[in-house]
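Scroll down for the structure; my scribbles are underneath it.
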Amino acid sequence: MTPVQILFILVAAVTLGAALMVVNARNLVHAALWLIVSFGGVAVFYAMLNAGFLAVAQVVIYIGAIAILMIFAIMMTRNVAGDSSPRFNSSQIIGLVLALALFAGLVWMTLSWSGATTTPMPLDSRADPISQLGSALVSPDGYVLAFELASILLLGALVGALMIAWDRK
Amino acid sequence: MNLSNASASLNAILPLVVVILWACALLLVDLFITKERKGLTALLAAIGMLASLIITLARLDLEAVVFNGMVTVDGFSNFLTVLFLGSGIVAVALSYDYLKRMGLEKGEYYVLLLFTVSGMMLMAVASDLIVVFLALELLSIPLYVLAGIATPRLDSEESSLKYFLLGSFSTGIVVYGIALVFGATGTTSLAGIVDAITAGSAGMGLLVAGAAMLLIGLGFKVALVPFHMWTPDVYQGAPSSVTAFMAIGAKAAGFAAILRIFIQAFPALSVDLTPVLWVLAALTMILGNVVAIAQRNIKRLLAYSSIANAGYILLALVPYGQSDVAADSVASALFYLLAYAFTSFTAWSVVIALEQVEGKGLELEDYAGLSRRYPILALTMTVAMLSFTGVPPTLGFLGKFYVFRTLLEGGFPGLAVIGVVTSLISAYYYLRVVVYMYMREGEPQAIRDPWLYIAATASAICLVVLGIFSQPLFAWASQAMLH
């Protein structure tokens, strides 16, 4: 096995394990934190596939925005963090069968697609969308003003949301 | 671009940068100010805006196009920046004692006020639709929160939720309009849109649809009929100090965007848009003034009055497509906004002085007999009502005069007649307040807060004195050209 393959197996195990913990965790905050680990694993896959832009987008959007937003929502709505209801209900067998059928279907579909077995074309090494995107965002000729203003806007919205939702009593 | 260019760009928007940095710093400083001494936060917020105001006043003739054409600093933006910062400072003066009395004192109030003022200042300089959108959000989101600051009072929560829902809806329409304009011209910069139209590469159908969407979305913000439904409930439910600021700042910022976008980017579309503006202005003046007659609650009355005033400001924009009248359009709209700001602040500070806890003291009956117990308050309120009506020599009269003159220059005598007739109708409900104050018996209750009295009397004096010596002011507004 090559080192890349070992790395792949390790990351896959972490990603799947974290995803399992998301549905198994009793505490909603813990579930949200496991979700971040799982998102991070997917970002590593993108990076290993040379899809640098997707990796960055995964980190920025899924971990940076969505996960943090979920944690905020959980923190600001009280009394739902601990869930004491049973974790399995009566339809667990049907659920398992359906999940396995779906998984088998997806595997069959992927294997029967011709693109899954051919070697892909190498990427054009000159194209570097991330650095182009980065310099467009922070160059004074580009969108630095809009970029900074968006962060001020988010700060104002954050202060406002906390002011309304925070329980002071 | 090198670093010296970047610092020149920042220098051009220095007043804006000062307010934003001051807001962030105040957020931290406020942590160390004890609950009993929140007056210090109010004072610091006012100092920040005063510093920014001094910078703006020190370089009133500054003109610059920076950040790759996204920001244009010109006479128009300098005029409005002064208006926004002045409004912000007066709003702090109105808020301090009111918040203490109503038990709403929170340091974040002033931070959010600074954020919304920075959004308005950004709107004044925005010359790219992306920046227009960001400015719109930056000024709206803190206002949604401020409207609901009296939670768990139900009317304040209702006001905040209604404002938030309709505000987000209208922002969505603005974004849709921006997307259509981008689709038609391939650019979001106002100068680029003009170039695309002149070069003939713009899809005119899409462009008209996009411009109409922008007009609808911004029409919600400035409360034009038929996009005004939220205004009475929001103005009534929000704490009065917030309403006063909202009625002036948000409206002026909305009109700043409408004026700059339409006069700078869309003069070629005036054939299609002028009839629409004509109808909108007429509807807004008629409905605002007629429905105001039925109001007994002073906050609702002023809400409908603010709708009617949006109609008068829009009058100035109707002939915007005629290149020889466009300069007068801008000047008379800016002058009217200034007159409206002074008049509104005078009226709202009297309302705030009379308001009691639990929303008491807001009916017309509560103003009966005000002239005997509080002659100064009654006199300032009278000046404000006369100025709203448009009686000389107040600033309100000159505002209407210049707007009607612009209309006649543009060749719309019919609309000017509608404006004059609705002004006459408005005299009925404005002067009824005066009748209650001077001719009815009553035991009104008002508070004696020095800052409030200073704000009320100073703006009332300005209404009369600037009304008599208005030439320099109008000359300044006339120089406030768009570039």
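The values are calculated or read from the model by the stated rules, or taken from the named source; none is laboratory data. What you see is a predicted model, and the numbers here were worked out from it, not measured in a lab. Because the Cβ atoms are built from the backbone with ideal geometry, glycine has one as well, and the counts that use them run over all protein chains shown.
Checking the structure you have, find out if any residue of region B:10-19 is part of a helix (DSSP H, G or I), touching a residue at least 24 places away in the same chain (Cβ under 8 Å), closer than 12 Å to B:LEU114 by Cβ and within 12 Å of chain A (Cβ to nearest Cβ).
Within region B:10-19, one or more residues are part of a helix (DSSP H, G or I), touching a residue at least 24 places away in the same chain (Cβ under 8 Å), closer than 12 Å to B:LEU114 by Cβ and within 12 Å of chain A (Cβ to nearest Cβ).
Can you tell me which residue is nearest to B:SER87 (Cα to Cα) among those in region B:353-385 that are buried (at least 24 other Cβ atoms within 10 Å of the Cβ) and either among the aromatic types (Phe, Trp, Tyr) or under 19 Å from the mean Cα position of the chain (by Cα) (or both)?
Ranking the candidates gives B:ALA384 first.
Please work out if B:THR284 is within 30 Å of B:SER201 (Cα to Cα) and assigned to a helix (DSSP H, G or I).
When the stated conditions are applied, B:THR284 does not pass them.
Can you pull out the residues in region B:261-283 that are of a type outside the set (A, V, I, L, M, F, W, C) and under 22 Å from the mean Cα position of the chain (by Cα)?
B:GLN264 - this is the single residue of region B:261-283 that is of a type outside the set (A, V, I, L, M, F, W, C) and under 22 Å from the mean Cα position of the chain (by Cα).
Has region B:191-201 got any residue that is over 30 Å from B:LEU301 (Cβ atoms) and surrounded by 24 or more Cβ atoms within 10 Å (Cβ to Cβ)?
Yes.
Determine if region B:307-322 includes at least one residue that is crowded, with 24+ Cβ neighbours inside 10 Å and more than 19 Å from B:HIS228 (Cβ to Cβ).
Scanning region B:307-322 turns up at least one residue that is crowded, with 24+ Cβ neighbours inside 10 Å and more than 19 Å from B:HIS228 (Cβ to Cβ).
Please work out which residue is nearest to the chain's Cα centre (by Cα), limiting yourself to region B:65-118 and to residues that are crowded, with 24+ Cβ neighbours inside 10 Å and in a loop (DSSP other than H, G, I, E, B).
B:MET70
Anything in region A:142-168 that is among the hydrophobic types (A, V, I, L, M, F, W, C), within 7 Å of chain B (Cβ to nearest Cβ), more than 25 Å from the chain's Cα centre (by Cα) and under 29 Å from A:ALA73 (Cβ atoms)? List them, or say none.
A:ALA146, A:LEU149, A:VAL159, A:MET163, A:ILE164
Which one of these does B:PHE84 not meet: (1) within 18 Å of A:ILE152 (Cβ to Cβ); (2) within 14 Å of chain A (Cβ to nearest Cβ); (3) hydrophobic (A, V, I, L, M, F, W, C)?
Only one criterion is unmet by B:PHE84, namely (2).
If you scan region B:183-213, which residues turn out to be within 27 Å of the chain's Cα centre (by Cα) and assigned to a loop (DSSP other than H, G, I, E, B)?
Of everything in region B:183-213, just one residue is within 27 Å of the chain's Cα centre (by Cα) and assigned to a loop (DSSP other than H, G, I, E, B), namely B:THR188.
What's the number of the condition B:GLU358 fails, among (1) touching a Leu at 6+ places or on another chain (Cβ under 7 Å); (2) in a helix (DSSP H, G or I)?
Of (1) touching a Leu at 6+ places or on another chain (Cβ under 7 Å); (2) in a helix (DSSP H, G or I), only one is false for B:GLU358: (1).
Is it the case, given these coordinates, that B:ALA257 is within 15 Å of B:LEU129 (Cα to Cα), surrounded by fewer than 23 Cβ atoms within 10 Å (Cβ to Cβ) and in contact (Cβ under 8 Å) with a residue 12 or more places away in the chain?
So B:ALA257 fails the test.
Considering only region B:141-156, how many residues are surrounded by fewer than 23 Cβ atoms within 10 Å (Cβ to Cβ), touching a residue at least 60 places away in the same chain (Cβ under 8 Å) and at the interface with chain A (Cβ under 10 Å from one of its Cβ atoms)?
The number of residues fulfilling the criteria is 0.
When both residues are 6+ apart or on different chains and their Cβ atoms are under 6 Å apart, which pairs have a first residue that lies in region A:71-82 and is closer than 16 Å to A:LEU35 by Cβ, and a second that is among the β-branched types (Val, Ile, Thr) and at pLDDT 60 or above?
A:ILE74/A:VAL29; A:ALA81/A:VAL29
Which count do you get for residues in region A:1-46 that are surrounded by fewer than 17 Cβ atoms within 10 Å (Cβ to Cβ) and polar (S, T, N, Q)?
4
Would you kindly identify the helices (runs of 4 or more DSSP H) lying entirely within region B:386-483 that contain at least 2 residues that are under 22 Å from the mean Cα position of the chain (by Cα) and either at pLDDT below 90 or on the phi > 0 side of the Ramachandran plot (or both)?
Numbers: elements: B:395-410, B:413-439, B:450-468, B:471-479.
Once the helices (runs of 4 or more DSSP H) in region B:386-483 are filtered for at least 2 residues that are under 22 Å from the mean Cα position of the chain (by Cα) and either at pLDDT below 90 or on the phi > 0 side of the Ramachandran plot (or both), what remains is B:450-468, B:471-479.
For A:SER139, state whether it is of a type in the set (S, T, N, Q), surrounded by fewer than 14 Cβ atoms within 10 Å (Cβ to Cβ) and within 14 Å of chain B (Cβ to nearest Cβ).
So A:SER139 does not fit the description; no.
For B:LEU31, all conditions in the list (1) more than 14 Å from chain A (Cβ to nearest Cβ); (2) over 18 Å from the mean Cα position of the chain (by Cα) hold save one; what is the number of the exception?
Every listed condition holds for B:LEU31 apart from (1).
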